[in-house]
1. Lysines within cross-link reach of A:Lys66: Cα-Cα under 23 Å, excluding same-chain residues under 8 positions apart?
2. For A:Gly80, which sequence-distant residues (separation of 5 or more, or a different chain) have an amide H within less than 5 Å of its own amide H, given hydrogens modelled in the peptide plane?
3. What residues of segment A:32-76 lose no less than 10 Å² of accessible area with every protein chain in place versus their chain by itself (probe 1.4 Å, heavy atoms only)?
4. Out of the total accessible area of segment A:10-110 (probe 1.4 Å, heavy atoms of protein only), what percent is carbon and sulfur?
5. Rounded to a whole number, what is D in µm²/s for segment A:10-110 from Stokes-Einstein with the Kirkwood radius over alpha-carbon pairs (4 °C, 1.567 mPa s)?
6. Where in segment A:10-80 are there trypsin sites (Lys or Arg not before Pro) that are in a DSSP coil and have at most 15 other Cβ atoms within 10 angstrom of their Cβ?
7. Can you compute the FRET efficiency between A:Glu20 and B:Ala50 using 1/(1 + (r/R0)^6), with r the Cβ-Cβ distance and R0 = 35 Å? Round to the nearest 0.05.
8. Nearest 100 Å², what total accessible surface is buried between chain A and chain B (probe 1.4 Å)?
Protein chains: 2
Amino acid sequence: MTPPQPPTTAAPASGGRVCEHPDRADIRLEAVLHALSDPMRLRVVRTLAARGAAAACSEVELPVSKSTSTHHFRVLREAGVISQTYRGTSKMNALRREDLEALFPGLLGSVLAAADGQDGRLGPAAGAVRT
Amino acid sequence: MTPPQPPTTAAPASGGRVCEHPDRADIRLEAVLHALSDPMRLRVVRTLAARGAAAACSEVELPVSKSTSTHHFRVLREAGVISQTYRGTSKMNALRREDLEALFPGLLGSVLAAADGQDGRLGPAAGAVRT
């Protein structure tokens, strides 16, 4: 038997799949705050911020099911907090720091600092970030 | 018939009713962000911040029913964003600025500034504050 061959074309392995993102002008503060208000989503954002680079969903450890994890990433994307782009079969996630900073100066930084401060007071709990 | 008489004692008209509030140490970032993520609750917070003083629920105009309004104030109180104290038959609401600033430095200010900035971009919409 011939083993399955990896794709050999230069075409994107995503098969043209593209995730929809809100334009910067359509990002709303209330949606961003809602996206950040969930412990798992906040953990995603903290992990991406700590990495300073895009990460596959599988690289962000969340103690939830795959489908729940996918849901949280989608909420973050639809709120404009992260971008998601296909790389092969992986979705790569990145913080939309520039967009958020332009719209809401200092907000993301204060949330990240607040999360760190809370960890410091309570000890790393559900929201703790491992990088 | 004798009409019902108003109470004549000096006892507080609240009848001793006291709202429960989380201690500062029990205020959680996720709950605060959730409380702030609703347009009506954000409007309450902006109104209280703009006044710089406590306000009765009836002094904060919200285009929602009384029961919905009561719900929003309760969510804010239970998250630790506002305090509610009875004064006569009114509940007086005040921002817990000192507690929030101690726990999450700069967070409330950046949210308020972000809300103002959004109004500036979009024009005063549902979140607009009239003082």
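The values are calculated or read from the model by the stated rules, or taken from the named source; none is laboratory data. All values derive from a computational prediction rather than experimental measurement. FYI the Cβ positions are ideal-geometry reconstructions off the backbone, even for glycines, and counts take in every protein chain you see. These accessible areas exclude ligands, DNA and RNA; they are computed on the full protein's heavy atoms, side chains included. Shrake-Rupley method; radii C 1.70, N 1.55, O 1.52, S 1.80 Å.
1. A:Lys91
2. none
3. A:Leu33, A:His34, A:Leu36, A:Ser37, A:Pro39, A:Leu42
4. 50 percent
5. Stokes-Einstein gives a translational diffusion coefficient of 93 µm²/s.
6. Working: sites: A:Arg17, A:Arg24, A:Arg28, A:Arg41, A:Arg43, A:Arg46, A:Arg51, A:Lys66, A:Arg74, A:Arg77; in loops: A:Arg17, A:Arg28.
Hits after loop and neighbour filter: A:Arg17.
7. Working: r = 36 Å, r/R0 = 1.03.
E(calc), rounded to 0.05, equals 0.45.
8. 1900 Å²
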